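Here the structure is laid out as structure tokens; the discussion comes afterwards.
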Amino acid sequence: MRLSTLNPHPHSSPAIRKTSSTSRLGRLRARLWKDRYLLLLGLPGIAYFLIYRYVPMAGLYMAFIDYSPFQGIAGSEWAGLKHFARIFEDPEIVQVLWNTLSISFLQIVFAFPVPIVLALMLNELRNQVYKRIVQSVIYLPHFLSWVVVIGICTIFLKGNGVVNDLLKQGFGLAQPVPFLTDPSYFKPIVILQVIWKEAGWGTILFLAALAGVSPQLYEAAVIDGAGRFRQMWHITLPAIRNTIVILLILRLGHVMDAGYEQIFLLLNPFNMEIGNILDTYVFFKGIGQSDYSFATAVGLFKGAVGLGLVLSANYIAKKLGDDGVF
């Protein structure tokens, strides 16, 4: 007796497989038509990512050629991994990488927790009018450009600025403190600027997560005798734990981006050694000297490192019991 008779498989028939694929295609079309308004609503966002995120990725080919604007991409000679090797051959790159990583990790350690603390504090406010006023005030710096922020900082911290005048009048300092030229002040100023500008805006996601916490949990905790701190530790923080993990993973993906515009505007000949990060290094070495292939190679290297950090952090988060990003 033939094997097909002993163990028949209806789906092995080509006609049946074609019918099955046709039915799946029909269901997909029906679902797309059902969700047509939602898809239409998301079309601008999809178009943005396609035009400004995916299409420019074709330019990464320049990292593997000796690009010349006169010969174009097609006419430029193949260089292989030469420009990637140059990243590690330059003696300055070690200091630049250290500056980038140190500033990024200082931001993670000191700036990342501030929105969490602010969200917890705002969540404890019972006066809704006062709460909205505080939220609006701490959100406002986010809408200022870095040019404005650096300009305000320069006015306050320059030699004859407000801060030095206060120090002179209050503490009798004979010489002004060189906040903007002394390299030891560079990183603290960068971190404080990031906190002032972005901390308020960062509370939005945490407050949204806290809005979903059931009030009954707090009522039960009060009945059990838990104070405000205990409620915050056992109810509020666990409620936003997954949000914290996801945002931390995404932040690690930008660990090689220490803030180009902010750093560039703060740089001067006195703090260049400690403040020159990977992005400004690319600008001075790559764009400033028209070495586009080298600049593209550094950008691709940054992206690869960021992707590796995101995948590693996501894997660790899942191992520890959190959902992760994907």
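The values are calculated or read from the model by the stated rules, or taken from the named source; none is laboratory data. Owing to the predicted nature of the structure, the values given are computational and were not obtained by experimental measurement. Here the Cβ positions follow ideal geometry from the backbone for every residue, glycine too, while neighbour counts run over all protein chains shown. These accessible areas exclude ligands, DNA and RNA; they are computed on the full protein's heavy atoms, side chains included. Shrake-Rupley method; radii C 1.70, N 1.55, O 1.52, S 1.80 Å.
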Of the residues that make up the stretch 147-159, is at least one at pLDDT 90 or above, within 26 Å of the chain's Cα centre (by Cα) and open to solvent by 80 Å² or more (accessible area, probe 1.4 Å)? yes
What is the residue count in the stretch 35-72 for residues that are exposed (fewer than 10 other Cβ atoms within 10 Å of the Cβ), more than 30 Å from the chain's Cα centre (by Cα) and either of a type in the set (Phe, Trp, Tyr) or more than 29 Å from Phe294 (Cβ to Cβ) (or both)? 2
Over the stretch 160-207, the set of residues in a loop (DSSP other than H, G, I, E, B) and open to solvent by 20 Å² or more (accessible area, probe 1.4 Å) is Asn160, Gly172, Leu173, Ala174, Gln175, Pro176, Val177, Pro178, Phe179, Leu180, Thr181, Asp182
Of the conditions (1) outside any loop (DSSP other than H, G, I, E, B); (2) open to solvent by less than 50 Å² (accessible area, probe 1.4 Å); (3) farther than 29 Å from Leu320 by Cα, Ile244 satisfies every one except a single condition; which number is it? (3)
Subset of the stretch 218-237, residues open to solvent by 70 Å² or more (accessible area, probe 1.4 Å) and either farther than 23 Å from Gln135 by Cβ or touching a His at 6+ places or on another chain (Cβ under 9 Å) (or both), comes to Glu219, Val222, Ile223, Asp224, Arg230, Trp233, His234
List, please: which pairs have Cβ atoms under 7 Å, are six or more places apart or on different chains, and start with a residue in the stretch 174-187 that is free of Cβ contacts under 8 Å to residues at least 24 places away in the same chain and end with one that is open to solvent by 50 Å² or more (accessible area, probe 1.4 Å) and in a helix (DSSP H, G or I)? Phe179/Tyr185
Here is a list of conditions, (1) among the basic types (Lys, Arg); (2) open to solvent by 60 Å² or more (accessible area, probe 1.4 Å); (3) at pLDDT 85 or above, and Arg251 meets all of them except one; can you say which number that is? (2)
Could you figure out which of (1) more than 26 Å from the chain's Cα centre (by Cα); (2) without any contact (Cβ under 8 Å) to a residue 60 or more places away in the chain; (3) under 30 Å from Leu140 (Cα atoms) isn't true of Met232? (2)
When you check Asp257 against the structure, is it of a type in the set (Asp, Glu), closer than 26 Å to Pro115 by Cα and open to solvent by less than 70 Å² (accessible area, probe 1.4 Å), yes or no? yes
Could you list, in sequence order, all residues of the stretch 57-110 that are out of contact with any helix residue (DSSP H, G or I) (no Cβ under 8 Å at 6 or more places or on another chain), assigned to a loop (DSSP other than H, G, I, E, B) and within 20 Å of Asp279 (Cα to Cα)? Pro91
Just to be sure I understand the filter: pairs with C-beta atoms under 9 Å, separated by 6 or more residues or on different chains, first member in the stretch 89-114 and modelled with pLDDT under 90 and of a type in the set (A, V, I, L, M), second member open to solvent by 70 Å² or more (accessible area, probe 1.4 Å) and in a helix (DSSP H, G or I). Which pairs pass? Ile93/Arg86; Val94/Phe88
